[in-house]
Amino acid sequence: MTHSTHAYTPDPRNERILIDVNGELFPRAEAKVSVFDSGFVLGDGVWEGLRVYAGPDGTGVIAFLDRHLTRLYEGAKTLDYEFPLTKAQFAERLYACLDANEAHDGVHIRLMTSRGVKATPYQDPRATVTPPTVVIIPEFKTPSPDAAAKGLSLFTVHVRRGYPDGQDQKLNSHSKLNCIMACIQAAKADADEALMLDPHGFVATCNSTHFFIVKDGEIWTSTGDFCLGGITRRIIIETAREAGLTVHERNFSLHDVYNADEAFVTGTFAGLTPVADVDGRTLKSASGPMVSRLRALYKERVAKDIADGRRMTFD
């Protein structure tokens, strides 16, 4: 991949990975789900992206796993289905998959779940005849250094982040058509990522990451009312405030963006990535002092989280 915040350096080991489908490991080419699966038929399910770092004993540790599993379970509760696994059992299965692949650092996991297999391709949840489907895909992925060095190019799209009575943007569901349409429009404009507005015209988020600006030494991000409850976003906010920095979760417009000192996006895969320009307006600094400081603070926070190794107890 050469574009977007998810650009990564290709790794031949990914052709040989083992994928966990409902607790059974399959080679990449043989990992399959039913064509009647709710996730395929309807996008009916929730998922998480997880980042793996080498722990104190050299084995892979999933950063902020407790927060990710909490979000996963909350999403499933909203969709009204229950997992056949406890959070501790989820963790055990995730780590077993990592160990089977000898995947202990520089790894990204896509943990996907759906309501389960349907008796017939119909939206009614009562047509589901199996427990939820759980798929674990671990890949060796290192973020492309070009994005961090050059900064991203964003393009503001016409696709809005909608009201929660339509589809709640806090739900990390497989149904991402609004984000995909936004991504397509940004790609047609030769940008790396789409900047999306909320229904009122204020800046909300990007199509797959969260957006921040820096103005006069302060950090601004959206209210969060129209975006996913991003885990990296929240950690950046917490870490910055703990360091004595001022962070505002507030409404702001494109006028503020175009005149920002710095801007950046956050996400589980790449952490914190600077933004170089938005809608053709070059920002004052593609990777200024605040971005550099926050990247260092985030790195320290990750190190602190994985310092205790693999945790198997959860609330």
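Read-outs: derived from the displayed coordinates by stated rules, not from any lab. The model shown is predicted, which means the values in this text are computed figures rather than measured ones. No Cβ is skipped: glycine too gets one built from the backbone with ideal geometry, and neighbour counts run over all protein chains shown.
Of note:
- Debye, to nearest 20: dipole size of the chain, +1 on Lys, Arg Cβ, -1 on Asp, Glu Cβ: 100 debye
- Neighbour count of at most 16 Cβ within 10 Å plus DSSP loop: longest GluC sites (Glu not before Pro)-free window in the chain: 103-315
- Taking the chain as the region of interest, the number of lysine pairs whose Cα atoms are within less than 18 Å, with members eight or more places apart or on different chains, is 6.
- For the pair region 1-48 / region 173-230, the C-alpha centres are spaced 25 Å from each other.
- Rel. contact order, % - alpha carbon contacts under 8 angstrom, at least six apart, the chain: 20 percent
- For mean projected area of the Cα convex hull in nm², the value computed from the atomic coordinates appears in the list (1) 15.9; (2) 20.2; (3) 18.3 under label (1).
- Between 161, 293, 233, the GNM of the chain built on Cα springs shorter than 10 angstrom shows 293 fluctuating the most.
- Gyration tensor verdict on region 166-315 (Cα atoms; rounded if a/c is under 1.5, prolate if a/b is larger than b/c, oblate otherwise): oblate
- Remark: relative contact order (region 13-142) = 35 percent; criterion is Cα-Cα distance under 8 angstrom and separation of 6 or more residues.
- Net charge of neighbours whose Cβ lies under 11 Å from the Cβ of residue 44, counting Lys and Arg as +1 and Asp and Glu as -1: -1
- Linear extension gain, residue 88 paired with residue 216, 0.36 nm per residue minus alpha-carbon span: 41.7 nm
- Cα centroid separation, region 99-169 to region 235-313 (Å): 22 Å
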